[in-house]
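The values are calculated or read from the model by the stated rules, or taken from the named source; none is laboratory data. None of these values were measured; they are calculated from a predicted model. Positions of Cβ are backbone-derived with ideal geometry, glycine not excepted, and every protein chain shown enters the neighbour counts. Surface areas here come from the heavy atoms of the whole protein model, side chains and all, with no ligands, DNA or RNA. Shrake-Rupley method; radii C 1.70, N 1.55, O 1.52, S 1.80 Å.
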Amino acid sequence: MDETIIYINAVAGISPQKTFSKDIPQSIVKPSGNRFVCIEPDYDELIDAKLIRRMSRIIKMGTAAALKCLQQANVDTPGGIVVGTAYGCLQDTEIFLKRIIDYSEEMLTPTAFIQSTHNTVGAQIALLLQCHNYNNTFVQSGLSFESALLDGLLLLQENEMHNVLVGAADEITNTSHAILERFGLYKRTEEEDFYSYKNKGTVAGEGAFFFLLSNEQSEKNIAGIKGIETFFDASGEEVEDKINGFLAAHHLSINDIDLIITGRNGDKRNDAVYEMAGANIFAGKQILNYKHLCGEYPTSTAFALWLALELIKSKTAAQELCNQTVGSDVKKILIYNHYLNTCHSLLLIDAC
């Protein structure tokens, strides 16, 4: 990517914390065992009640977050809609597969199948808005949101449109949680400290966040996205080289970064890379973690981006959400996250 700055004008999201309101959550919600569950709002305020009955949980969360984001930005129709999701509409997929078995592949209603596809969230948003503009969904495991974000940035840099709605949505269901737990992804017993390494695994998470991006500088700008980079299967030393190269490409060094947000999730295998970076390239820097607020899921970087924007808007957000104090001059924020030590991403945010 070149040095063209793309601005974030609005954000809205549904998560295990009370993030749907404009105010910073005053109390932190802890996971129930090894699983976080989203706090869902009253959808009637944004979506027609007749439509709500036909929507599954993830569709309601994604649609509500998108509509709230546009509402905050005073935009009726975005120039494009781009969504990232790794799991898609799991609940509808489960319903459809179960009906195949129950009805011996006969007399199947199409609704569950139609809504089980990964692009349903983006399509539903477009239908409600009567938006016939660009619409795309990225399904790339732990880089789904980053891919959607990159697509939105490129569209704006090429002046294909003046604003674009970019978001991510992923849910965890009882069935998917049980399957992933068998793979050893989640902790077997509850721990008082989220970042304790007494037991293997992490805590399951979910969420839906949307951001309105623009290529026009205005008083609505909250922050600018200066750069994004993704890479796969990197060791600790390779990660440090990637970070240095990423910053150098934007004419910066680690000394220019005011705050680093990392994706530590309480799994010793997962966090080894972060610990190595903390002892070396990130040594002496202000570091915040975020997955004690939302849990681990493939598109959790969207939550990290929301957190970065909250830190820019409010100097007390770090204390409220992470029980840490950060300097009052936080301008440049680097987000580094990886999913299962396979999908790595870097995101550089600059306060406006």
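Listed here are the residues, each with its yes/no results for (1) open to solvent by less than 10 Å² (accessible area, probe 1.4 Å); (2) under 25 Å from S314 (Cβ atoms); (3) not in a strand (DSSP E or B).
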residue: L153; (1), (2), (3): yes, no, yes
residue: M161; (1), (2), (3): no, no, yes
residue: V164; (1), (2), (3): yes, no, no
residue: G167; (1), (2), (3): yes, yes, no
residue: I179; (1), (2), (3): no, no, yes
residue: E191; (1), (2), (3): no, no, yes
residue: Y195; (1), (2), (3): no, yes, yes
residue: L212; (1), (2), (3): yes, yes, no
residue: D241; (1), (2), (3): no, no, yes
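Which one of F113, F145 is part of a helix (DSSP H, G or I), in contact (Cβ under 8 Å) with a residue 60 or more places away in the chain and of a type in the set (F, W, Y)?
Just a single option satisfies the conditions, and that option is F145.
Would you mention how many residues in the range 214-229 are open to solvent by less than 60 Å² (accessible area, probe 1.4 Å) and under 23 Å from the mean Cα position of the chain (by Cα)?
The number of residues fulfilling the criteria is 11.
Which of (1) of a type in the set (S, T, Y); (2) under 16 Å from the mean Cα position of the chain (by Cα); (3) open to solvent by 20 Å² or more (accessible area, probe 1.4 Å) is the odd one out, the single condition T85 does not satisfy?
Among (1) of a type in the set (S, T, Y); (2) under 16 Å from the mean Cα position of the chain (by Cα); (3) open to solvent by 20 Å² or more (accessible area, probe 1.4 Å), the lone unmet condition for T85 is (3).
Just to verify a result, which residue in the range 270-302, among those that are among the polar types (S, T, N, Q) and in a helix (DSSP H, G or I), is farthest from A208 (Cα to Cα)? Outline the logic, then answer.
Step one: list which residues in the range 270-302 are among the polar types (S, T, N, Q), which gives 270, 280, 286, 289, 299-301.
Among the residues that remain, those that are also in a helix (DSSP H, G or I) are: 270, 301.
Numbers: N270: 23, T301: 11 Å.
Checked the range 270-302; the qualifying residue farthest from A208 (Cα to Cα) is N270.
Looking at L309, L252, L305, can you tell me which residue is hydrophobic (A, V, I, L, M, F, W, C) and either assigned to a loop (DSSP other than H, G, I, E, B) or touching a helix residue (DSSP H, G or I) at 6+ places or on another chain (Cβ under 7 Å) (or both)? Reasoning before the result, please.
Values: L309 fails: either assigned to a loop (DSSP other than H, G, I, E, B) or touching a helix residue (DSSP H, G or I) at 6+ places or on another chain (Cβ under 7 Å) (or both); L305 fails: either assigned to a loop (DSSP other than H, G, I, E, B) or touching a helix residue (DSSP H, G or I) at 6+ places or on another chain (Cβ under 7 Å) (or both).
The conditions single out L252.
Counting just the residues of the range 201-210 that are touching a helix residue (DSSP H, G or I) at 6+ places or on another chain (Cβ under 6 Å) and in a strand (DSSP E or B), which one comes out surrounded by the most Cβ atoms within 10 Å (Cβ to Cβ)?
Here is the first cut: in the range 201-210, the ones touching a helix residue (DSSP H, G or I) at 6+ places or on another chain (Cβ under 6 Å) are 204-205, 207-210.
Still in the running and in a strand (DSSP E or B): 204, 207-210.
Working: A204: 22, G207: 29, A208: 33, F209: 29, F210: 31.
Only one residue tops the list, namely A208.
Please find, among I39, I58, I5, the residue that is touching a strand residue (DSSP E or B) at 6+ places or on another chain (Cβ under 8 Å), within 21 Å of S147 (Cβ to Cβ) and open to solvent by 30 Å² or more (accessible area, probe 1.4 Å).
I5
Which ones in the range 245-271 are under 30 Å from R188 (Cα atoms) and either open to solvent by 50 Å² or more (accessible area, probe 1.4 Å) or of a type in the set (S, T, N, Q) (or both)?
T262, R264, N265, K268, R269, N270
Tell me which residues, restricted to the range 312-352, are open to solvent by 10 Å² or more (accessible area, probe 1.4 Å), closer than 23 Å to L213 by Cα and assigned to a helix (DSSP H, G or I).
I312, K313
Within the range 115-135, can you find the residues that are modelled with pLDDT of 95 or more, open to solvent by 50 Å² or more (accessible area, probe 1.4 Å) and touching a strand residue (DSSP E or B) at 6+ places or on another chain (Cβ under 6 Å)?
Those that are modelled with pLDDT of 95 or more, open to solvent by 50 Å² or more (accessible area, probe 1.4 Å) and touching a strand residue (DSSP E or B) at 6+ places or on another chain (Cβ under 6 Å): N133, Y134, N135.
What are the residue pairs meeting all of these: first residue in the range 247-262, first residue without any contact (Cβ under 8 Å) to a residue 12 or more places away in the chain, second residue buried (at least 16 other Cβ atoms within 10 Å of the Cβ), Cβ atoms under 9 Å, and 6 or more apart or on different chains?
Pairs found: S253/L247.
Report every pair of residues separated by at least 6 positions or lying on different chains whose Cβ atoms are under 6 Å apart, first residue within the range 272-283 and closer than 20 Å to S196 by Cβ, second assigned to a helix (DSSP H, G or I) and open to solvent by less than 10 Å² (accessible area, probe 1.4 Å).
V273/V239
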